[in-house]
Amino acid sequence: LEAAKARGRYIGRHHSETSHFYKSIALLPLLELAAVSGDSYFQDLAFEIADEQGLAFLKLAAHGAAAATIADAHLEMYELTGDRRYLDNALEGWQAVRDRMFVTGGLGEVLDFTKPPSESDVLCETCQVSWWLMLNLHLSQTTGDPKYMDLAERILYNHFAFSHLFPVDKNING
């Protein structure tokens, strides 16, 4: 815990040294650190970064996992505060990612928000899809809207299976 708190304080001292939106991927860990440590500094820092960055990732090409994680952090912030702007950010981020989703429910590694949805990356990695699944599950729990659970089911049954198809060698294990 002390090492995590030291890392959180390091982020606090240095986050203003970059304008890159990737510092927003620290939002969820900072919120978790605040909850575990009881130190409100980390939660305040998360809100400071979130308010500064907003949904900056929607203005360029972003890693799919980062986009889903940042949207999920805004959803967490909504749950902590009841402040509707964080829910609106989460929903706006979700829609932008959803517009670039594969028919199977997965995501490309890079989602280019500066181009039409059809021009995003077609390379898929499981980490993008995992965070996308978690965001949809979280939205389902928070909003009660079944469309998020339907999408989570599509991701789980269609995309994860699609991503892991491989030829079966009948000589393996006898």
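The values are calculated or read from the model by the stated rules, or taken from the named source; none is laboratory data. Predicted model only: the values in this text are computed from it and were never measured. Glycine gets a Cβ as well: all are built from the backbone with ideal geometry, and neighbour counts include every protein chain shown. Ligands, DNA and RNA are stripped out before the accessible areas are found, and what is left, the full protein with its side chains, is counted by its heavy atoms. Shrake-Rupley method; radii C 1.70, N 1.55, O 1.52, S 1.80 Å.
A few remarks follow.
- For G108, the criteria (1) open to solvent by 50 Å² or more (accessible area, probe 1.4 Å); (2) in contact with a Cys (Cβ under 7 Å, 6 or more places away or on another chain) hold in every case but one, which is (1).
Yes/no matrix, rows are residues, columns are (1) out of contact with any helix residue (DSSP H, G or I) (no Cβ under 8 Å at 6 or more places or on another chain); (2) among the acidic types (D, E); (3) modelled with pLDDT under 95:
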{"site": "G12", "(1), (2), (3)": "no, no, no"}
{"site": "K23", "(1), (2), (3)": "no, no, yes"}
{"site": "L27", "(1), (2), (3)": "no, no, no"}
{"site": "E32", "(1), (2), (3)": "yes, yes, no"}
{"site": "D39", "(1), (2), (3)": "no, yes, no"}
{"site": "F57", "(1), (2), (3)": "no, no, yes"}
{"site": "H63", "(1), (2), (3)": "no, no, yes"}
{"site": "A66", "(1), (2), (3)": "no, no, yes"}
{"site": "A71", "(1), (2), (3)": "no, no, no"}
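- Residues of segment 85-132 satisfying the condition of being of a type in the set (S, T, N, Q) and assigned to a loop (DSSP other than H, G, I, E, B): T104, T114, S120
- When segment 8-59 is limited to residues that are outside any helix (DSSP H, G or I) and either closer than 17 Å to E92 by Cα or of a type in the set (D, E, K, R) (or both), the one that is most open to solvent (accessible area, probe 1.4 Å) turns out to be D39.
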